[in-house]
1. Along the stretch 75-88, what does the Karplus equation 6.51 cos²θ - 1.76 cosθ + 1.60 (θ = phi - 60°) give for ³J(HN,Hα), rounded to whole Hz, x for Gly and Pro?
2. Calculate, in nm to one decimal, what THR8 and SER127 gain on full extension: separation in residues at 0.36 nm each, minus their alpha carbon distance.
3. Out of ALA35, ALA71, ALA83, any idea which swings most in a Gaussian network model of the chain, alpha carbons joined below 10 Å?
4. Show that you can apply the helix-only estimate: for the chain, add -39,500 (n - 2.57) for every DSSP H stretch of four or more residues, divide by all residues, and state [θ] at 222 nm to the nearest 500.
5. Carbon-plus-sulfur fraction of the accessible area of the stretch 32-163, 1.4 Å probe, in percent?
6. Would you pull out the residues with amide H under 5 Å of ALA71's amide H, same chain only if 5 or more places away, H placed 1.01 Å from N?
7. Hey, can you grab everything whose amide H is under 5 Å from the amide H of THR123? Only 5+ residues off in sequence or another chain; H modelled, so Pro and N-termini drop out.
8. On average, how much accessible surface per residue is there in the chain, in Å², for a 1.4 Å probe, leaving out ligands, DNA and RNA?
Amino acid sequence: MAKTDTGTMTREVRRLETAGILRTRAVGRTKLVRANKHAPFYSALRDLAVIVLGPAEVLGEELRGLEGIEAAAIFGSWAARAAGEAGPSPVDIDLLVIGRPDRDDLQDAAGRARARLGREVNTVVVSADRWNSADDAFLAELRSRPMAALAGIPEPRDIEDEQ
């Protein structure tokens, strides 16, 4: 949802089409608009949009309101790139969820995020007790690496502070 008036939307679509960023097609009186995936700058522009508008905001929106989530964050290559670590553009998003959410609700939320972001969302769910356990090598490594906070969702490190 763009949350703008038709005139502004029409002008901006026309400008983006002229710049080669969008392609349009008329079907009757309706104008269909899509990204120009053949433009030489498409991948870079898409990556920039994903970083600026991307996973942290979208996943936060999708997870807010789901019962049983105590904390969540993005980890892995996307979080590392967002923290400034050099490397290739991530092809997927790794999501850590702490708590006991309904698995079907979580899967639905991750699916909506995947559709919005155009990237796979790999979800790891752990209980708060397991997250705070010192016995799990995978989680110890995960805690030592960058994590990206989600908009409106408590961070995993907040759960550690409570213990």
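1. So the Karplus estimates, Gly and Pro as x, are 10, x, 5, 5, 5, 4, 5, 5, 7, x, 6, 6, x, x Hz.
2. Once the chain is fully extended between THR8 and SER127, it gains 38.1 nm.
3. Answer for the Gaussian network model of the chain: ALA35.
4. -13000 deg cm²/dmol
5. It is 49 percent, rounded to a whole number.
6. ILE98
7. LEU95
8. 62
The values are calculated or read from the model by the stated rules, or taken from the named source; none is laboratory data. Just so it is clear, the structure is predicted and the values come from calculations on it, not from any experiment. Using ideal geometry, Cβ is built from the backbone for each residue, glycine included, and neighbour counts are taken over all protein chains shown. Note: areas computed on protein heavy atoms with side chains; ligands, DNA, RNA excluded. Shrake-Rupley method; radii C 1.70, N 1.55, O 1.52, S 1.80 Å.
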